[in-house]
1. Between residue 431 and residue 286, what's the calculated FRET efficiency when r is the beta-carbon distance and R0 is 41 Å? Round to 0.05.
2. What dipole magnitude, in Debye to the nearest 20, does region 338-421 give about its Cα centre under +1 on Lys/Arg Cβ and -1 on Asp/Glu Cβ?
3. Filter the trypsin sites (Lys or Arg not before Pro) in region 224-300 down to the DSSP loop ones having no more than 13 other Cβ atoms within 10 Å, then list what survives.
4. Scale the Cα Rg of region 41-117 by the rule-of-thumb value 2.2 N^0.38 Å and send over the ratio, two decimals.
5. Distance between the C-alpha centers of region 25-76 and region 245-270? Whole Å please.
6. Got the relative contact order for the chain handy, in percent, Cα pairs under 8 Å and 6 or more residues apart?
7. Over region 59-134, average the accessible area per residue using a 1.4 Å probe and give it in Å², no decimals.
8. Find the relative contact order for region 304-461 and round it to a whole percent, using C-alpha pairs within less than 8 Å whose residues are 6+ positions apart.
Amino acid sequence: MGKRLRLNYKIILYFFGLLLVFNGGFILLSALVSLLYQDGVTLQLLLSGLGVLIFGLFGMLHHRNHNKEMNKREGYIVVAFGWIVMSLSGAIPYLATGSIPNFTDAFFETMSGFTTTGASILNDIEILPNGVLFWRSLTHWIGGMGIIVLAVAILPLLGIGGMQLFAAEAPGPNADKLHPRITDTAKRLWLIYFGYTAAETILLNIAGMSFFDAINHSMSTLSTGGFSTKNASIAFWNDRPMIQYIIIVFMFLAGTNFVLSYFAFKGKVQKIIKDEEFKLYFKFIAIFTLVAAILIYFRADVSVSSIAHPQVLGEGESAFRHGLFQVLAIITTTGFVTADYTLWTPFLVVFFFGLMFLGGSAGSTSGGVKVVRHLLLIKNGFLEFKRTLHPNAILPVRYNKRAVSGDIVFNILGFFILYMIAFIIGSLGFSMMQIDFESSVGIAASSLGNVGPALGDFGPVNNYASLPPIGKWWSAFLMLIGRLELFTVLILLTPFFWRNR
């Protein structure tokens, strides 16, 4: 038996206080939006924001005299429980305004927001006050790049190093650094993220969205979240294809490694062209869009499956646009919908279900397994054939012309196996709640991959309101482990994590 682990609890609680300060500040921003639109819930949002902010400040001040050293274990605890702290405090605006009076539902909606899943329990989104709608989209935007990465950007001011946090939070098996100092990396990532959000807001506004709708959908797009201000999601603008094409472009960018965006702005285009993950990501989208568009054109009636507004352009353009939009929305795990894709032939239903396991690029805001992991798994699989023929040959897996260490390959294999086990256990959990097979596997895949819309009773035109309370908590847990890439959360459930040895 190992000795019980001695943790630096003061620094953990200090960070929780810091996260609450951030959350309180963002809730106050929502109160300002509420005041601008005179929607009647300004006071409730103001009190919610001040309450969270003051509680966070108290936590920071009470634990300010802490040891500045943070080890990996403490980093994992801060990240994993930090998301729960954010979701618990983030549910307060829904409860205070009466928009979602039930705690389970409010927590589910908030966890879905911060994990950028986009699954909702709301039956009528459009009746919500603007301040609450803005907060709902803001949870996506905060979660998109990770509140922890934002905290890393200002940690030097507090005299604390944040490398351990970045290692636990950064999406994907490798974290390309833009700059040697991790704080500068975080700042550059957020600058790109903010810039894209502003650019999409302006373009959507020009294309015909109201400014309020534009900024909400921009926050949802760049975070690959999927919350909309309309019940029909992006199908509300089926009569304005330009709006959908703008969202398509930014979904593609959000699902791309943000480091590549930095290289693009620096004029290093060759680095993008030569990146193997980007090339495969682009090929996947091109091939899958072609398959979807052809089947929609010849086998599906988009005007029948459309949630809102009949089509106004030719069938060919409409089939291509809906195919491209839905492929991107699922691969990048954004989860926006322009039509009910479950009506687009059984093949396409299974096809889109399979895409839920793909995910965007590492270093993007998307969820799922990630393209780079699939790439390295495929490469390793082909090399196994060669190793069978040439057992004495040294055949390393190569990525971007560099040999990948065996540890990383084993980590990816372990991740993939763990991901599939989590999916199977997740599906079994839902089936035990008397949910049918199609819906169970759909919710499990969607929650774990942070996609949003699922299959069956929880498809693109439905929501998660009918899920039993225990099902909402189970789904929220799957969202959390999926968003933090399994190991970060599941390692906390192992007994050896809490021992010294």
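1. My answer for the efficiency is 0.70.
2. 440
3. Filter output for region 224-300: 266, 268.
4. Relative to the rule-of-thumb radius for its length, region 41-117 sits at 1.29.
5. 32
6. So the answer I get is 17 percent.
7. 36
8. Computed value for region 304-461: 23 percent relative contact order.
The values are calculated or read from the model by the stated rules, or taken from the named source; none is laboratory data. Predicted model only: the values in this text are computed from it and were never measured. So basically every Cβ, Gly included, is an ideal-geometry build from the backbone, and we count neighbours across all protein chains shown. Please note that ligands, DNA and RNA were not included when accessible areas were found on the heavy atoms of the full protein model with its side chains. Shrake-Rupley method; radii C 1.70, N 1.55, O 1.52, S 1.80 Å.
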